[in-house]
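Enquirer: Provided herewith is a single structure, encoded as C-alpha coordinates, for subsequent inquiry.
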Amino acid sequence: MNKFDGIIFDVDGTLWDSTPIVKDAWNKAIEVFFGENINITADRLKGLFGLPMDDIIADLMPDKTPEERKEFAPTCFEYEHKYLSERAGILYPDWEETLKGLRDKGHPLSIVSNCQAGYIELFLEKTGFGYLIEDHLCPGDTDKLKADNIRIICERNGYKNPIYVGDTQMDANACKEAGVPIIFADYGFGKVEEPYATISKPLDLLELRL
(Lines give C-alpha, C1' and ligand atoms only; values in the text may rest on other atoms or scores of the structure.)
Protein backbone atom coordinates (compact mmCIF):
# COMPACT_ATOMS: atom_id res chain seq x y z
CA MET A 1 0.00 0.00 0.00
CA ASN A 2 1.33 3.45 -0.96
CA LYS A 3 2.28 5.82 1.84
CA PHE A 4 1.21 8.87 -0.22
CA ASP A 5 -2.10 9.01 -2.08
CA GLY A 6 -1.12 11.72 -4.57
CA ILE A 7 2.07 13.21 -6.05
CA ILE A 8 2.04 16.86 -7.09
CA PHE A 9 4.75 18.31 -9.32
CA ASP A 10 6.26 21.71 -9.93
CA VAL A 11 7.11 22.44 -13.59
CA ASP A 12 10.09 24.77 -14.06
CA GLY A 13 13.29 23.33 -12.64
CA THR A 14 11.55 20.06 -11.84
CA LEU A 15 9.99 18.68 -15.02
CA TRP A 16 11.69 20.90 -17.58
CA ASP A 17 13.84 24.01 -18.08
CA SER A 18 12.16 26.60 -20.27
CA THR A 19 14.44 29.52 -19.34
CA PRO A 20 16.53 29.57 -22.57
CA ILE A 21 13.31 30.12 -24.51
CA VAL A 22 11.45 32.28 -22.01
CA LYS A 23 14.34 34.77 -21.79
CA ASP A 24 14.14 35.26 -25.58
CA ALA A 25 10.38 35.71 -25.36
CA TRP A 26 10.56 38.20 -22.49
CA ASN A 27 13.35 40.21 -24.13
CA LYS A 28 11.27 40.46 -27.30
CA ALA A 29 8.14 41.43 -25.36
CA ILE A 30 10.05 44.18 -23.52
CA GLU A 31 11.44 45.47 -26.82
CA VAL A 32 7.97 45.51 -28.40
CA PHE A 33 6.09 46.98 -25.40
CA PHE A 34 8.64 49.40 -23.93
CA GLY A 35 11.06 49.87 -26.83
CA GLU A 36 13.91 48.89 -24.51
CA ASN A 37 16.62 46.23 -24.33
CA ILE A 38 17.03 44.86 -20.79
CA ASN A 39 18.81 41.64 -21.83
CA ILE A 40 17.28 39.19 -19.37
CA THR A 41 19.36 36.01 -19.08
CA ALA A 42 18.29 32.41 -18.51
CA ASP A 43 20.36 32.29 -15.31
CA ARG A 44 18.55 35.30 -13.92
CA LEU A 45 15.20 33.69 -14.64
CA LYS A 46 16.31 30.50 -12.88
CA GLY A 47 16.77 32.56 -9.74
CA LEU A 48 13.25 33.97 -10.02
CA PHE A 49 11.14 31.07 -11.29
CA GLY A 50 8.88 29.82 -8.55
CA LEU A 51 7.85 33.33 -7.56
CA PRO A 52 4.41 34.61 -8.63
CA MET A 53 4.56 36.09 -12.12
CA ASP A 54 3.82 39.63 -10.85
CA ASP A 55 6.84 39.40 -8.54
CA ILE A 56 9.09 38.18 -11.36
CA ILE A 57 8.09 41.10 -13.57
CA ALA A 58 8.62 43.54 -10.69
CA ASP A 59 12.10 42.14 -10.02
CA LEU A 60 13.11 42.35 -13.67
CA MET A 61 11.69 45.86 -14.17
CA PRO A 62 12.04 47.74 -10.88
CA ASP A 63 12.01 51.11 -12.67
CA LYS A 64 8.48 50.54 -14.02
CA THR A 65 5.36 51.51 -12.12
CA PRO A 66 2.91 48.84 -10.94
CA GLU A 67 0.49 50.06 -13.59
CA GLU A 68 3.09 49.72 -16.35
CA ARG A 69 3.97 46.20 -15.22
CA LYS A 70 0.32 45.21 -15.14
CA GLU A 71 -0.20 46.55 -18.66
CA PHE A 72 2.93 44.75 -19.85
CA ALA A 73 2.02 41.32 -18.45
CA PRO A 74 -0.37 40.24 -21.27
CA THR A 75 2.28 41.06 -23.90
CA CYS A 76 4.86 39.12 -21.91
CA PHE A 77 2.59 36.08 -21.65
CA GLU A 78 1.66 36.32 -25.33
CA TYR A 79 5.28 36.16 -26.46
CA GLU A 80 6.13 33.45 -23.94
CA HIS A 81 3.29 31.27 -25.21
CA LYS A 82 4.26 31.96 -28.84
CA TYR A 83 7.93 31.10 -28.34
CA LEU A 84 7.20 27.97 -26.29
CA SER A 85 4.68 26.82 -28.90
CA GLU A 86 7.48 26.96 -31.47
CA ARG A 87 10.35 25.64 -29.31
CA ALA A 88 9.74 23.27 -26.43
CA GLY A 89 11.55 23.63 -23.12
CA ILE A 90 14.35 21.23 -22.18
CA LEU A 91 12.75 18.17 -20.57
CA TYR A 92 14.84 16.60 -17.83
CA PRO A 93 15.76 12.98 -18.72
CA ASP A 94 13.48 10.00 -18.21
CA TRP A 95 10.38 11.84 -17.00
CA GLU A 96 7.98 9.83 -19.13
CA GLU A 97 9.37 6.54 -17.80
CA THR A 98 9.27 7.94 -14.27
CA LEU A 99 5.71 9.21 -14.48
CA LYS A 100 4.53 5.95 -16.05
CA GLY A 101 6.25 4.00 -13.28
CA LEU A 102 4.65 6.11 -10.55
CA ARG A 103 1.23 5.77 -12.16
CA ASP A 104 1.68 2.00 -12.49
CA LYS A 105 2.36 1.91 -8.74
CA GLY A 106 -1.03 3.50 -8.19
CA HIS A 107 0.01 7.12 -7.61
CA PRO A 108 -2.34 9.80 -8.98
CA LEU A 109 -0.24 12.60 -10.52
CA SER A 110 -0.99 16.34 -10.61
CA ILE A 111 0.81 19.63 -11.28
CA VAL A 112 0.70 22.89 -9.31
CA SER A 113 2.91 25.75 -10.49
CA ASN A 114 3.07 29.53 -9.96
CA CYS A 115 2.54 30.35 -13.64
CA GLN A 116 0.04 32.06 -15.91
CA ALA A 117 -3.05 30.35 -17.32
CA GLY A 118 -2.23 28.12 -20.29
CA TYR A 119 1.40 27.43 -19.35
CA ILE A 120 0.81 23.99 -17.84
CA GLU A 121 -1.45 23.08 -20.75
CA LEU A 122 1.33 24.10 -23.15
CA PHE A 123 3.83 22.00 -21.19
CA LEU A 124 1.53 18.98 -21.43
CA GLU A 125 1.00 19.56 -25.14
CA LYS A 126 4.72 19.88 -25.95
CA THR A 127 5.72 16.85 -23.85
CA GLY A 128 2.72 14.65 -24.60
CA PHE A 129 2.29 14.02 -20.87
CA GLY A 130 -1.41 14.86 -20.79
CA TYR A 131 -2.34 11.19 -20.47
CA LEU A 132 -0.21 10.88 -17.33
CA ILE A 133 -1.30 13.98 -15.41
CA GLU A 134 -4.77 13.85 -13.89
CA ASP A 135 -5.15 17.46 -12.76
CA HIS A 136 -3.30 20.78 -12.71
CA LEU A 137 -3.68 24.27 -11.28
CA CYS A 138 -1.93 27.64 -11.26
CA PRO A 139 -2.56 31.24 -10.15
CA GLY A 140 -3.77 32.07 -13.64
CA ASP A 141 -6.65 29.66 -13.05
CA THR A 142 -7.60 30.66 -9.50
CA ASP A 143 -5.93 34.00 -8.63
CA LYS A 144 -4.41 32.08 -5.70
CA LEU A 145 -0.78 31.19 -5.01
CA LYS A 146 0.86 27.79 -4.70
CA ALA A 147 -0.11 26.86 -1.13
CA ASP A 148 -3.79 27.50 -1.78
CA ASN A 149 -3.66 25.74 -5.13
CA ILE A 150 -2.05 22.70 -3.52
CA ARG A 151 -4.96 22.63 -1.07
CA ILE A 152 -7.49 22.94 -3.89
CA ILE A 153 -5.87 20.12 -5.90
CA CYS A 154 -5.95 17.92 -2.80
CA GLU A 155 -9.58 18.71 -2.04
CA ARG A 156 -10.94 18.12 -5.51
CA ASN A 157 -8.93 14.92 -6.02
CA GLY A 158 -9.47 13.51 -2.55
CA TYR A 159 -5.78 13.49 -1.59
CA LYS A 160 -5.51 12.94 2.16
CA ASN A 161 -1.74 12.45 2.31
CA PRO A 162 -0.02 13.89 -0.79
CA ILE A 163 3.60 14.81 -1.43
CA TYR A 164 5.06 17.54 -3.66
CA VAL A 165 8.13 17.42 -5.92
CA GLY A 166 9.86 20.77 -6.39
CA ASP A 167 13.24 22.47 -6.63
CA THR A 168 13.23 25.71 -4.60
CA GLN A 169 12.75 26.93 -1.06
CA MET A 170 9.74 28.85 -2.36
CA ASP A 171 8.18 25.50 -3.24
CA ALA A 172 9.08 24.21 0.22
CA ASN A 173 7.55 27.25 1.93
CA ALA A 174 4.29 26.77 0.02
CA CYS A 175 4.28 23.08 0.91
CA LYS A 176 4.83 23.87 4.59
CA GLU A 177 1.92 26.31 4.50
CA ALA A 178 -0.26 23.69 2.83
CA GLY A 179 0.88 20.94 5.22
CA VAL A 180 2.45 18.81 2.48
CA PRO A 181 5.99 17.32 2.55
CA ILE A 182 8.36 18.08 -0.31
CA ILE A 183 10.81 15.98 -2.30
CA PHE A 184 13.71 18.18 -3.43
CA ALA A 185 14.81 17.89 -7.08
CA ASP A 186 18.40 18.97 -6.57
CA TYR A 187 19.15 19.20 -10.30
CA GLY A 188 16.78 22.19 -10.57
CA PHE A 189 17.05 25.91 -9.93
CA GLY A 190 17.44 26.22 -6.15
CA LYS A 191 17.87 24.71 -2.71
CA VAL A 192 15.44 23.25 -0.17
CA GLU A 193 15.96 23.05 3.58
CA GLU A 194 15.05 19.78 5.30
CA PRO A 195 13.09 18.05 2.50
CA TYR A 196 11.32 14.74 3.03
CA ALA A 197 13.72 13.26 0.47
CA THR A 198 16.12 14.41 -2.25
CA ILE A 199 16.41 13.18 -5.83
CA SER A 200 19.27 13.86 -8.24
CA LYS A 201 17.40 12.63 -11.29
CA PRO A 202 13.72 11.85 -12.03
CA LEU A 203 14.17 8.07 -11.98
CA ASP A 204 15.21 8.31 -8.31
CA LEU A 205 11.51 8.75 -7.48
CA LEU A 206 10.89 5.13 -8.42
CA GLU A 207 13.39 4.03 -5.78
CA LEU A 208 11.71 5.92 -2.93
CA ARG A 209 9.12 4.29 -0.71
CA LEU A 210 6.16 6.50 -1.63
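The values are calculated or read from the model by the stated rules, or taken from the named source; none is laboratory data. Just so you know, these numbers come straight off a predicted model, no measurement behind them. Heads up, the Cβs are rebuilt from the backbone with ideal geometry, glycines too, and the neighbour counts pull from every protein chain shown. Calculation scope for accessible area: heavy atoms of the full protein, side chains included, ligands and nucleic acids excluded. Shrake-Rupley method; radii C 1.70, N 1.55, O 1.52, S 1.80 Å.
Enquirer: Under 19 Å from the Cα of Lys100, which lysines turn up, not counting those fewer than eight places away in the same chain?
Expert: Here the lysines satisfying the reach criterion relative to Lys100 are Lys3, Lys126, Lys201.
Enquirer: Calculate what fraction, in whole %, of the accessible area of the chain sits on carbon and sulfur atoms when a 1.4 Å probe is rolled over the protein chains. Write down the numbers at each step before the final one.
Expert: Values: 4650 of 9820 Å².
Solvent-exposed carbon and sulfur of the chain make up 47 percent of the total.
Enquirer: Once the piece of chain linking Val32 and Asp186 is laid out straight, how much longer is it, given 0.36 nm per residue of separation minus the C-alpha distance between them? Don't skip to the end; give the middle numbers.
Expert: Values: separation 154, 0.36 × 154 = 55.44 nm, distance 3.59 nm.
Gain on stretching Val32 to Asp186: 51.8 nm.
Enquirer: Return the percentage of antiparallel bridges among DSSP beta bridges fully within the chain, rounded to the nearest 5 %.
Expert: 10
Enquirer: Taking amide H positions as placed 1.01 Å from N in the peptide plane, with prolines and chain starts having none, which residues 5 or more places from Ile199, or on another chain, fall under 5 Å of its amide H?
Expert: Phe184, Ala185, Asp186
Enquirer: Trypsin sites (Lys or Arg not before Pro), restricted to segment 53-115: which are DSSP loop and have at most 15 other Cβ atoms within 10 Å?
Expert: Arg87, Lys105
Enquirer: Can you tell me the 0 to 90 degree angle between the C-alpha axis of helix 19-34 and the longest principal axis of the chain, rounded to 10?
Expert: Tilt of helix 19-34: around 30 degrees.
Enquirer: Mind jotting down the three principal axis lengths of the chain based on Cα atoms? Whole angstrom, largest first.
Expert: On the principal axes, the chain reaches 58, 31, 29 Å in Cα extent.
Enquirer: Of all the C-alpha pairs in segment 153-192, what % are more than 11 Å from each other? Intermediate results must be reported in sequence, preceding the final value.
Expert: Values: 470 of 780 pairs.
For segment 153-192, the share of Cα pairs beyond 11 Å comes to 60 percent.
Enquirer: Hey, another quick one. Before I look further, what does the chain give for accessible area per residue, probe 1.4 Å, in whole square angstrom? Intermediate results must be reported in sequence, preceding the final value.
Expert: Working: 9820 Å² over 210 residues.
Per-residue accessible area for the chain comes out at 47 Å².
Enquirer: Can you run the Rg to Rh ratio on segment 1-82? Use alpha carbon positions and the Kirkwood inverse-distance Rh.
Expert: Numbers: Rg = 15.2 Å, Rh = 13.9 Å.
My calculation of the ratio gives 1.09.
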